[in-house]
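The values are calculated or read from the model by the stated rules, or taken from the named source; none is laboratory data. Every value quoted in this text rests on a predicted model; they were computed, and no experiment measured them. Cβ: placed from backbone, ideal geometry, glycine included. Neighbour counts: every protein chain shown. Heads up: the accessible areas ignore ligands, DNA and RNA and are worked out on the full protein's heavy atoms, side chains in. Shrake-Rupley method; radii C 1.70, N 1.55, O 1.52, S 1.80 Å.
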Amino acid sequence: QVQLVESGGGLVQAGGSLRLSCAASGRTFSRYAMGWFRQALGKEREFVAAINSSGGSTYYPDSVKGRFTISRDNAKNMVYLQMNSLKRGDTAVYYCAASLLFSRLSEGAPSYWGQGTQVTVSS
């Protein structure tokens, strides 16, 4: 069982930056691949970033590649999402997720979800 708690969301101007954090419970955190998803109002949940259990591999969709960076600190049970050059279209609730299989994240089927943190990008 993994419990995930996101933080760091807020209001930011377009072109600005924001760093999201996800605190994970459990002694097996380092076994899990971790990811971030987002869901804008009235839209389906969208995959944003994934990182494998060791932190050596990452994966992003084209919509955020070059602007977002996922990282993790296994010693602290933490995952981060650094978001730069934010656009109004990045406005959404951002969710942290965990899966024992890296591929399940990009497939949109992780095993555990956090409660989400709101990110609002203003013009």
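Modelled label positions at Arg67 and Glu46, each set 7 Å beyond Cα in the direction of Cβ, lie 0.8 nm from each other. In the chain, the calculated helix contribution to ellipticity at 222 nm averages -1000 deg cm²/dmol per residue, counting -39,500 (n - 2.57) for every DSSP H run with n ≥ 4.
All alpha carbon pair distances within the chain were sorted into 10 Å bins beginning at 0; the resulting P(r) in whole percents reads 15, 51, 29, 5, 0.
How high is the FRET efficiency between Met78 and Ser17 when r is their beta carbon distance and R₀ equals 22 Å, given to the nearest 0.05? For Met78 and Ser17, the calculated efficiency is 0.75.
For the chain, the per residue solvent-accessible surface stands at 52 Å², with DNA, RNA and ligands left out and a 1.4 Å probe.
Under the combined filter of DSSP loop state and at most 12 neighbouring Cβ atoms within 10 Å, region 1-102 retains these trypsin sites (Lys or Arg not before Pro): Arg27, Lys43, Lys65, Lys76. When the alpha carbon coordinates of region 48-104 are projected onto the principal axes, the ranges are 33, 23, 20 Å, largest first.
Would you kindly give the portion of the calculated P(r) for region 1-44 that falls above 12 Å, as a percent of all Cα pairs? When every Cα pair of region 1-44 is considered, 72 percent fall beyond 12 Å. Spatially, region 14-46 and region 105-123 are offset by 5 Å when compared through their Cα centroids.
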